[in-house]
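The values are calculated or read from the model by the stated rules, or taken from the named source; none is laboratory data. Small disclaimer: the values here were computed from a predicted structure and weren't measured. Here the Cβ positions follow ideal geometry from the backbone for every residue, glycine too, while neighbour counts run over all protein chains shown. Surface accessibility is based on the protein's heavy atoms, side chains included, excluding ligands, DNA and RNA. Shrake-Rupley method; radii C 1.70, N 1.55, O 1.52, S 1.80 Å.
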Amino acid sequence: QTIPFNESDFKDKLSELVEMGIFLLGVKPKCPRCGYRIWYQVDQVLQKLNCRGCGYEFSLPAEPEWFYRLNSLIRAAASLHGTVPLLITISQFMNDAYTSAIFVPSLELLNKVEDKRNEYEIRAELDVICIQDGQFVLGEVKQSVGLFHPEDFKRMKDIAELVRPDKIIFSSLDKEPTEFVKENIEKLKTELAYLEIEVAWYPVRYWIFNPGPVR
């Protein structure tokens, strides 16, 4: 499905992201002496700037072009911690519900430490924890299908036997699982058959964005 580009709506959404601190606003002037360019956040901009390359002082040009930088915390979440595929998977999972769906952010499953009051140890981390159409669903989401490891399936088996979900899903930004992932899903399905737990690959659908001409 193609979504038409609306420049006014795009600017409104961008302004909202700047207001929330997801994008930082700044300028990137060119030093007239050495030609060096560096991004300055708007809070740091003065009419007179010192080049961070050669130290030359120069004036900010009239009507500078704005540049946006992604918040470093958001950048780390997206590039290092697999937040984007997780959000896409959960969003799609919510939309696929027939009647209702709720979810909570990624959780840590804790075990109480024996003989120690108010002390707990992390048993496992869960990516997807949802209730969709009355079914309790757990899931593991990766940036790429190649990142799945045998330990992921073993860990999910242990969790499933402990909390007894109705369904377990595995997903990534790849549309199709590898043979390795397929084999481990089938193996896990067999191992959890006595608990009647469904195990499946959950494919992500993609939207095609057509920006069109910008005026």
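On the chain, 53 percent of the accessible area sits on carbon and sulfur atoms, based on a 1.4 Å probe. Over the chain, what is the percentage of antiparallel beta bridges among all DSSP beta bridges, to the nearest 5? Looking only at bridges with both residues in the chain, the antiparallel portion is about 65 percent. Accessible area per residue for the chain, computed on protein heavy atoms with a 1.4 Å probe, is 68 Å². Each Lys or Arg adds one and each Asp or Glu takes one away; over the other residues whose Cβ falls under 15 Å from the Cβ of GLN135, this sums to -3. The gain in end-to-end length when the GLU65 to ASN95 segment is fully stretched comes to 6.9 nm, 0.36 nm per residue minus the alpha carbon separation. Counted over all Cα-Cα pairs of the chain, pairs farther apart than 24 Å make up 61 percent. Note on ASP158 and LYS13: the model spin-label points, each 7 Å out from Cα along the C-beta direction, lie 4.1 nm apart. Quick one: net charge around LEU49, please, counting Lys, Arg +1 and Asp, Glu -1 for every other residue with C-beta under 14 Å from its C-beta. With Lys, Arg at +1 and Asp, Glu at -1, the net is +4. Stretched out straight at 0.36 nm per residue, the stretch from GLU121 to GLU186 would grow longer than its current Cα-Cα span by 20.4 nm.
Summing +1 for each Lys or Arg and -1 for each Asp or Glu among the other residues whose beta-carbon sits under 12 angstrom from that of GLU125 gives -2.
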